[in-house]
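Read the structure below first, then the notes.
The numbers here are math on the coordinates, done by the rules we state, and not lab data. In this text the structure is predicted, and so the values were computed from the model without any measurement. Ideal geometry is used to build each Cβ from the backbone, glycine not excepted, and the neighbour counts take in all protein chains shown.
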Amino acid sequence: MALQSISLEGRRAYLTALEKHWPEVLGALRRDVLPHFEPIPVLSNGTAFVLESWQECQAAVNRSELAMALKLWGDAFLISDDWIFDAALETLATNCPQLRRPQMRDEAWRWFFGSRESHPGFDPQLNKAYWFPPRGGWPESWKEFKHRMERQFRTQLLQYKHAVETRLGVDREKQILKLAVLAVRWQKGESISQIVQTIHIGQQADPEQATYRAIQRFSKSIGLKLRKRNQRPARSTVQPLP
């Protein structure tokens, strides 16, 4: 039984931190990409719309202008992960004038993510899950078979519990948000030494190395490609399409 190890809570925390600590990313999405976005209706009366993925957007011929605008936006902020582009499309769809609820028209934009994510069910895969009575030469008694099945089931049940708790960040929400803030600050262009000067990390032989490794572990848990040490996001605004 293979479960996705990506932390959805970590991704939500990252977008929350992005909104607060690097608002230019969301601001540029609204300013530079929204003019190229048009929701795709499912029904002719316009009561339902498609929530497209980044992969679908890139493949659709009639979305080439939108895909290019998103690509330019992503390049400006060193964004290359599909899930962030998925979040960008969901954010555009939720906040665009055609779909935004009237009571939210004057509210500030915020990130939306996760509507297309499904929750994994428990689907145990038992090895050699068959038994025959030993009188026919079968080498395994019923008691042995029963214990073997129960052992596999318990192991996979615990693995499922751990995977779901990791995915949803159970009892780790505050810690995850702190790590998300560190990751955003790094992606924004701050150096590790600048970050370390503003946080309490406890007794560490090498605080900078410990902090960077924490950021690396967090980025891996959410599928985030970290910028290289010599990279910095563009300071200028995203250029409009020609």
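Here are the numbers:
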item	result
Net charge dipole size for the chain [Lys, Arg +1 and Asp, Glu -1 on Cβ; Debye, nearest 20]	700 debye
Local net charge near Glu150, Cβ-Cβ under 12 Å (Lys/Arg +1, Asp/Glu -1)	+4
Nearest 10 degrees, 0 to 90: helix 82-95 Cα axis against the chain principal axis	60 degrees
Between 0 and 90°, nearest 10: helix 142-168 axis offset from the chain longest Cα axis	10 degrees
Shape category assigned to the chain from the gyration tensor of Cα positions, a/c cut at 1.5	oblate
Cα-centred dipole magnitude for the range 119-171, charges only on beta-carbon of K, R (+1) and D, E (-1), debye, nearest 20	240 debye
Charge tally in the Cβ shell below 15 Å around Glu173, where Lys, Arg are +1 and Asp, Glu are -1, Glu173 excluded	+3
Neighbour cut-off at most 11 other Cβ (10 Å), DSSP loop, trypsin sites (Lys or Arg not before Pro), the range 115-149	Arg116, Lys128
Surrounding net charge for Arg63, when Lys and Arg each add one and Asp and Glu each subtract one, Cβ distance under 12 Å	-3
